[in-house]
Amino acid sequence: MDEFTPERLSRLSGMLKRRGIILPAFEIHGGSAGLYDFGPVGGRLRSKVSQTWIEHWQSLGNIVEISCPTVTPYAVLEASGHVGEFSDFLTDCLACGEASRADHLIENNHPNAESFSKSQLEAYIDEMEPRCPACQACDWGPVKAENLMFNTKIGAGSSGRPGFLRPETAQGMFTSFTSIYRHFRERLPFGAVQIGKGYRNEISPRQGMIRLREFNMAELEYFIDPEVDTHHDFSKWDKPVTLISQDDGEISMTFGEAVSKGIIRHGTVGYFMAWTMDFLTKVGIQPEGLRFRQHRPDEMAHYAQDCWDAEILGSYGWIECVGIAHRGCYDLESHEKATGQRLRAWRTFDEPKVIETNGWTTDGAKAGPAFRALAGKVKEAVEELDSDSCFPITLELQGELLEILPEHVKRNQKTETIAGEWFIPHVVEPAFGIDRIIWHLLDHSYLETQKSGENYCLLTLPEEVAPVDVCVLPLYEKDGMGVLAETIHRDLCSKKGVFSIYDASGSIGRRYARADEIGVPWCITVDHDSLFDNMVTLRQRDTGQQRRVAISDLSF
RNA sequence: GCGGAUAUGGUGAAGUGGCUAUCACCUGAGGUUUCCAACCUCAUGUCGUGGGUUCGACUCCCGCUAUCCGCACCA
């Protein structure tokens with residue numbers, strides 16, 4: 001990893017744009033902050049990183065991939081808490097029309113005004129009578145939520161109903177819970193992953209690819225039974241990692257140790273932190289530029305119980321690129337409350353519970369007419385009575401004395417066997433900002449060196465994510481070398497998962513340099529001898545080493 | 001959103017109230033060349049955007065948009 005400097009950052013950004021990896025979107029129309037294109041080289045980089053991510057998590061064995069719409073009805077995000085939590089509260093000055101942030105108006109009186117609810121804010125504004133910063137009047141309209149989600153309308157005209165572009169992919173996994181639960185034969189634990197676009201109408205996108213208005217997210221929702229002790233094997237991760245814990249500050253420790261000491265509060269969170277580290281290093285993040293930081297309670301999202309961020313060091317400092325949150329039962333419970341649908345899993349007891357009932361209940365046919373409106377209350381009261389109660393008996397209900405006669409009641413004796421119970425699974429969610437990870441793997445892979453006294457730069461991308469797998473280069477495009485090279489190139493492109501570039505312009509050294517700059521791991525050079533012996537030169541990017549290989553033995 | 005700076009070919013820069021706007025690299029064509037940005041010839045391509053001042057604006061002024069740096073915000 002080179003040292004991160006502003007000069008290096010601008011050279012890297014220039015290269016990414018010039019070579020078609022990452023570039024500002026819609027630039028011919030003046031561009032738009034927070035929106036970026038992956039260009040002709042970056043497009044495949046993104047899809048390879050995405051695919052690597054999916055396969056990485058699927059290798060756990062109990063993970064499925066789903067895909068949900070980005071356009072999301074209002075009710076879904078209201079239930080999830082985003083409509084309420086994901087907003088700034090504004091109020092209009094009725095005198096001059098200027099909108100102000102409600103919490104800012106009263107922040108001199110209340111240091112934590114931003115955590116107030118809408119009605120609290122209205123009450124305090126009434127009480128404090130803050131003046132309008134623009135016109136000094138004190139005549140405020142109602143407080144309204146200005147949401148940071150992109151608004152839209154689903155359907156046309158008056159039949160359209162309000163919706164949003166999703167701010168995270170997670171909600172789709174929760175609303176699909178029953179389908180995923182059935183798929184896994186109703187057996188926990190299991191997870192669903194989804195990779196796709198998310199949208200946040202950021203007030204001010206900054207720092208290039210770091211804060212975007214439309215971005216690629218990859219999330220796993222992993223559903224667990226909170227009463228089952230999790231046992232994960234951490235022996236594979238025997239090297240210490242940098243953890244910044246809420247209580248102990250920066251420490252260096254293995255994942256297994258941090259879990260067993262309770263620094264990481266849940267085994268599955270720790271296991272996914274380790275799994276996350278493996279993914280990040282696989283796609284080209286340098287381990288020395290990676291650390292995990294635990295959220296303080298006041299920065300935790302509205303749904304989280306414990307949360308660790310994976311932070312990556314790059315040109316913009318330490319940036320959070322992954323959040324691994326224990327969301328508890330928050331999400332499923334919220335959607336269950338909002339819809340009345342059961343979003344639960346069934347837990348069979350080790351021993352069925354036997355509940356014996358031995359007491360009294362009312363005889364509806366007699367008690368109903370006798371007590372009329374109070375019949376329901378009478379039934380409840382009678383079922384509370386001891387089994388050895390004698391009738392008639394007098395009960396006081398809502399100020400009335402009622403005499404319960406033997407004919408109003410009957411014995412209630414039964415034995416019920418309860419085999420298990422429904423419960424709301426807990427969720428552990430690793431959420432990845434794919435764009436931020438792509439930025440950092442480029443930042444970590446970008447190497448500026450010297451070659452025969454000249455500046456030389458290359459991307460040392462792992463083959464796993466390199467956007468171009470191989471370049472095919474005829475030494476010269478004559479005597480049939482070009483034709484042979486083109487044949488090899490097309491054969492490679494037709495193979496599953498292989499992408500080749502044919503390049504015949506410029507000297508061979510220039511073409512190697514071009515390939516290195518975008519991180520092509522291998523170059524194949526066709527020379528005069530190739531025409532006779534069917535051998536080509538295979539050149540490795542990082543070492544420059546070359547060896548002769550038979551065309552039929554190329555391992556792509 | 002606030003304050004400051006900036007905006008010239010694909011990239012990086014120079015420059016002027018008036019002449020065909022300059023340079024390097026890159027890109028393309030041809031030549032040359034038997035494996036790491038070689039060389040020669042030629043070619044393509046630029047003043048962010050809208051308005052104003054002016055006989056004339058890339059240059060001066062204003063708005064907008066975008067970018068960068070602080071502040072604020074950040075699930």
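Computed values, structure above
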| quantity | calculated |
| --- | --- |
| Solvent-accessible surface (1.4 angstrom probe) belonging to A:Arg539, in square angstrom, nearest 10 | 10 |
| For region A:468-553: accessible area per residue (Å², 1.4 Å) | 50 |
| Share of carbon and sulfur in the accessible heavy-atom surface of region A:352-420 [1.4 Å probe, %] | 48 |
| With all protein chains modelled, accessible area of A:Glu7 [1.4 Å, Å²] | 100 |
| Accessible-area ranking of A:Glu416, A:Glu202, A:Glu384, A:Glu288, largest first, probe 1.4 Å | A:Glu384, A:Glu288, A:Glu416, A:Glu202 |
| Between 0 and 90°, nearest 10: helix A:267-282 axis offset from chain A longest Cα axis | 20 |
| Of A:Lys197/A:Lys337; A:Lys197/A:Lys236; A:Lys17/A:Lys451; A:Lys366/A:Lys414; A:Lys282/A:Lys495; A:Lys353/A:Lys379, pairs whose Cα-Cα distance is over 29 Å | A:Lys197/A:Lys236 |
| Surface share of carbon and sulfur [accessible, 1.4 angstrom probe, percent] for region A:159-249 | 43 |
| Pairwise FRET efficiency - A:Arg206 versus A:Arg296, Cβ, R0 = 25 Å, nearest 0.05 | 0.65 |
| Solution diffusion estimate, µm²/s, Stokes-Einstein, chain A, Kirkwood Rh from C-alpha pairs, 25 °C, viscosity 0.890 mPa s | 85 |
| Accessible area (Å², 1.4 Å probe, nearest 10) - A:Phe150 | 60 |
| Contour minus Cα-Cα distance for A:Glu85 and A:Lys282 (0.36 nm per residue) | 67.4 nm |
| A:Thr5-A:Ile355 pseudo-label distance in nm [points 7 Å out on the Cα-to-Cβ vector] | 7.3 |
| Stretch gain in nm, segment A:Lys377-A:Arg182, where the contour uses 0.36 nm per residue and the Cα spacing is subtracted | 66.1 nm |
| Over chain A: helical MRE at 222 nm, DSSP H runs n ≥ 4 each giving -39500 (n - 2.57), nearest 500 | -8000 deg cm²/dmol |
| Per residue accessible area in Å² of region A:352-420, where ligands, DNA and RNA are left out and the probe is 1.4 Å | 67 |
| Approximate spin-label separation A:Phe556-A:Thr242, in nm, with each point projected 7 Å along Cα-to-Cβ | 3.8 |
| Reachable aspartates and glutamates from A:Lys261, criterion Cα separation under 20 angstrom, eight or more residues apart if same chain | A:Glu227, A:Asp229, A:Asp233, A:Asp238, A:Asp247, A:Asp248, A:Glu250, A:Asp306, A:Asp309 |
| Mean Cβ count within 10 Å, highest first, over the residues of peptides A:172-179, A:190-197 | A:190-197, A:172-179 |
| Chain A - share of DSSP beta bridges that are antiparallel (%, nearest 5) | 90 |
| Contour minus Cα-Cα distance for A:Arg347 and A:Glu448 (0.36 nm per residue) | 30.6 nm |
| Vicinal HN-Hα couplings computed from phi for region A:305-311 (Karplus, 6.51 cos²θ - 1.76 cosθ + 1.60; Hz; Gly/Pro x) | 9, 8, 8, 10, 9, 8, 10 |
| Label-point separation in nm, A:Asp542 to A:Ser159, each point 7 Å along Cα→Cβ | 5.9 |
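The values are calculated or read from the model by the stated rules, or taken from the named source; none is laboratory data. The structure displayed is predicted, hence computed values, not measured ones. Glycine gets a Cβ as well: all are built from the backbone with ideal geometry, and neighbour counts include every protein chain shown. Please note that ligands, DNA and RNA were not included when accessible areas were found on the heavy atoms of the full protein model with its side chains. Shrake-Rupley method; radii C 1.70, N 1.55, O 1.52, S 1.80 Å.
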